[in-house]
Amino acid sequence: MKILQPPDWMRPKGYTNGIAARGTMVFVSGMVGWDKECRFRSTDIVEQVRYALQNVVDVLREADARPEHIVRMTWYVVDKTEYVNAYKGIGDVYREIIGRHYPTMTAVQVEALVEDQARVEIEVTAVVPDDAHREGVMQRS
């Protein structure tokens, strides 16, 4: 994976401008902030982000992928102000679950999500390097 950062550009905070990668592509559908039984445990956006990110990681694991293989995230939020006001909590949860890996990201406010209780939906693309499979680096837990 190669981070694409023009040398004369200011470094972004919390995301990357571009990534070039080779390997097995993994596409994760939009994950909302519910638990494994598809029940929302909270209406708080930070808690919904926690569940959504954990759901992403669980699906990635099925492809022998890890959070550091994520190359693109798209966040759909129903309230931009709520999202911006929760940056600190969202950042804390993000680092707890994803780590200090910052892929390319886009955040978009939408009028509504299909699940009425959802405050956020996160869609992910990951690329597992071919050598990770060959070297046996990726082990299923």
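The values are calculated or read from the model by the stated rules, or taken from the named source; none is laboratory data. Everything numeric in this text was worked out from a predicted model, so none of it was measured. All Cβ positions, glycine included, derive from the backbone under ideal geometry; neighbour counts span all protein chains shown.
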Within the stretch 105-120, can one find any residue that is touching a Ser or Thr at 6+ places or on another chain (Cβ under 7 Å), at pLDDT 95 or above, over 29 Å from GLU37 (Cβ atoms) and buried (at least 17 other Cβ atoms within 10 Å of the Cβ)? no
Suppose we filter TYR51, TYR15 for residues that are touching a strand residue (DSSP E or B) at 6+ places or on another chain (Cβ under 7 Å), of a type outside the set (A, V, I, L, M) and surrounded by 15 or more Cβ atoms within 10 Å (Cβ to Cβ); which single one remains? TYR51
Out of all the residues in the stretch 105-129, which are of a type in the set (A, V, I, L, M, F, W, C), farther than 17 Å from PHE40 by Cβ and either in contact with a helix residue (DSSP H, G or I) (Cβ under 8 Å, 6 or more places away or on another chain) or without any contact (Cβ under 8 Å) to a residue 40 or more places away in the chain (or both)? ALA107, VAL108, VAL110, VAL124, ALA126, VAL127, VAL128
Please go through the stretch 36-63 and pick out each residue that is closer than 15 Å to ASP116 by Cα and of a type in the set (Asp, Glu). ASP44
Failed condition for GLN48, given (1) without any contact (Cβ under 8 Å) to a residue 60 or more places away in the chain; (2) within 17 Å of ASP35 (Cβ to Cβ); (3) assigned to a helix (DSSP H, G or I), with all others met? (1)
Residues of the stretch 69-104 classified as crowded, with 17+ Cβ neighbours inside 10 Å, in contact (Cβ under 8 Å) with a residue 40 or more places away in the chain and not β-branched (Val, Ile, Thr), total: 9
